[in-house]
Structures are given as C-alpha cells and as structure tokens.
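Structure, as structure tokens:
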Amino acid sequence: KNFYGIDPDKVPTPAAYEMGVKLADQMLADHLKKPGKYPAKGSFVIWGDETMRHEGVLESQIFHLLGTRPIWNDRDKVVDVEVIPSSMLGRPRVDIVIASAAEGMFQNVTMLMDRAVQQVKALEEADNFVRRHYLQTKASLIESGYSEQDADRRAGVRIFDEPPGIFNLNTSTIAAASGTWDSDKG
C-alpha cells in the first residue's frame with residue numbers, strides 16, 4: 001500500500017551525499033591527472049527513477065562540484081542548501097548543466113540545485129566558473145539585444161527540464177537533427 005518508493009524531501013540522503021562527494025572528488029582527481037587542470041563545466045542527466053535507486057548520489061555530485069551542500073533537519077529532510085566557503089573548498093567551483101527528467105518526482109531537489117547555482121553565481125571569487133560563465137553569457141545576450149533583466153535570467157539557467165506532464169527530453173530528435181544546422185550560432 002506504499003505508493004512511493006522514497007520520500008522526495010529526504011533526497012539526497014546524508015549517505016548519498018557522502019558517496020556523491022567521494023565520486024565528485026574522484027572525478028576531479030582523474031581530471032587533474034590527464035588534462036592537468038580542473039574542469040570548467042560538467043554535464044549531467046537526471047532521471048527520477050535513477051534518483052530513487054541511488055537516493056541522490058548524482059545530485060550530491062552536482063552540489064559538491066558547485067561547492068555547496070544540503071542542509072538536513074532533525075528528521076533528515078533536506079530543507080536548504082548552503083555554500084561551502086572557498087577557503088574550505090580549496091578548488092574552483094565547477095559550473096554545471098543538467099538535463100533533467102525528474103522534476104515531476106523531485107521538484108524539491110530541482111529547486112535546491114537551482115538555489116545552489118543562483119547562490120554560487122553571485123559569489124565574486126577568482127575560481128568560480130559558474131560566475132565566470134554566467135557573466136560571459138549575460139554579456140553576450142545583452143549584446144544580442146536582450147534586456148539586462150532577461151539576459152540575467154537566461155544566463156543563470158543551468159537546469160533544463162521537460163514541461164510539467166511531459167516525460168520526454170526529445171534528445172534523440174535533437175541529436176538526429178544536429179547535422180542540419182548551418183552554424184552553431186543561435
């Protein structure tokens with residue numbers, strides 16, 4: 001009679017966050033070995049059924065790359081997200097982009113990840129790829145004719161999700177059409 005497999009308000013779990021931090025740190029260490037520098041951006045695809053299985057490990061990797069962490073209440077519900085000070089982080093904040101098909105099941109987590117991005121993009125730090133990319137995109141949009149307000153809103157978007165009630169990211173159609181464009185300019 002249990003109609004849900006996991007309480008969305010408890011995602012990510014503390015154990016999932018711990019695992020996500022380890023995986024993100026391993027990815028960063030691997031990247032430092034071969035290219036020899038930290039990545040400026042990482043991309044992720046989130047599926048709700050996978051989130052139920054791993055209880056937020058992937059989302060935890062995202063939080064950690066941004067240099068943020070969830071805040072749990074005494075019942076292990078995630079109630080907010082906080083920024084890890086750059087002095088404690090000891091590395092650049094990695095920008096992220098997310099294609100998500102989990103908003104319907106995990107709207108709370110989607111909102112927390114967006115909140116983390118919005119907090120990080122506002123930090124004036126030397127090693128903050130989120131802010132650097134946000135400012136570059138905003139300037140480009142303003143140069144293209146967008147108002148400052150609209151450019152600001154668009155430049156801060158990092159999570160791309162399907163509209164409510166639609167459960168198809170349409171990536172196969174987009175990928176199949178990738179050779180039909182004359183240029184990469186929008």
Practice problem: Quick one: grab the alpha carbon gyration tensor of the stretch 1-131, order the square roots of its eigenvalues as a ≥ b ≥ c, and give me rounded if a/c is under 1.5, else prolate or oblate depending on whether a/b is larger than b/c. | Solution: prolate
Quiz prompt | Protection proxy ranking of 84-92, 28-36 - average other beta-carbon atoms within 10 Å, highest first | solution = 84-92, 28-36
Quiz item: Using modelled backbone amide H atoms (1.01 Å from N, in-plane), which distant-in-sequence or interchain residues come within less than 5 Å of GLY42's amide H?
Solution: ASP95, ILE96, VAL97
Exercise. Provide the FRET efficiency to the nearest 0.05 for the THR180-SER144 pair, computing r from the beta carbons and using R0 = 22 Å.
Key: 0.50
Quiz prompt | Flagged links, alpha-carbon separation over 27 Å, of LYS34/LYS138; LYS22/LYS138; LYS22/LYS121 | solution = LYS34/LYS138; LYS22/LYS138
Quiz item: Per-residue HN-Hα couplings for the stretch 5-10, Karplus 6.51 cos²θ - 1.76 cosθ + 1.60 at θ = phi - 60°, whole Hz, x for Gly and Pro?
Solution: x, 7, 7, x, 6, 9
Quiz item: Once phi is turned into ³J(HN,Hα) by the Karplus curve 6.51 cos²θ - 1.76 cosθ + 1.60 with θ = phi - 60°, what whole-Hz value does each residue of the stretch 124-130 show in order, with x for glycine and proline?
Solution: 8, 10, 5, 9, 10, 5, 4
Quiz prompt | chymotrypsin sites (Phe, Trp or Tyr not before Pro) restricted to the stretch 1-59 and DSSP loop, no more than 12 other C-beta within 10 Å | solution = PHE3, TYR4
Quiz item: Amide H neighbours of THR68 under 5 Å, counting only residues 5+ apart in sequence or on other chains, H built in-plane at 1.01 Å?
Solution: ILE84
Quiz item: Residue by residue through the stretch 86-94, which ³J(HN,Hα) values in whole Hz follow from phi under the Karplus form 6.51 cos²θ - 1.76 cosθ + 1.60 (θ = phi - 60°), with glycine and proline marked x?
Solution: 4, 5, 7, 5, x, 6, x, 7, 8
Quiz item: For LYS33 and GLN119 in one chain, what is 0.36 nm times their gap in residues minus the Cα-Cα distance, to one decimal in nm?
Solution: 28.0 nm
Exercise. Pick out, in residue order, every one of the GluC sites (Glu not before Pro) in the stretch 98-135 that is DSSP loop and has at most 10 other C-beta atoms within 10 Å; say none if there are none.
Key: GLU124
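No lab work stands behind these numbers, since they all come straight from the coordinates. Quick caveat: nothing in here was measured; it's all calculated off a predicted structure. Counting neighbours? That spans all protein chains shown, and the Cβs are built from the backbone with ideal geometry, glycine included.
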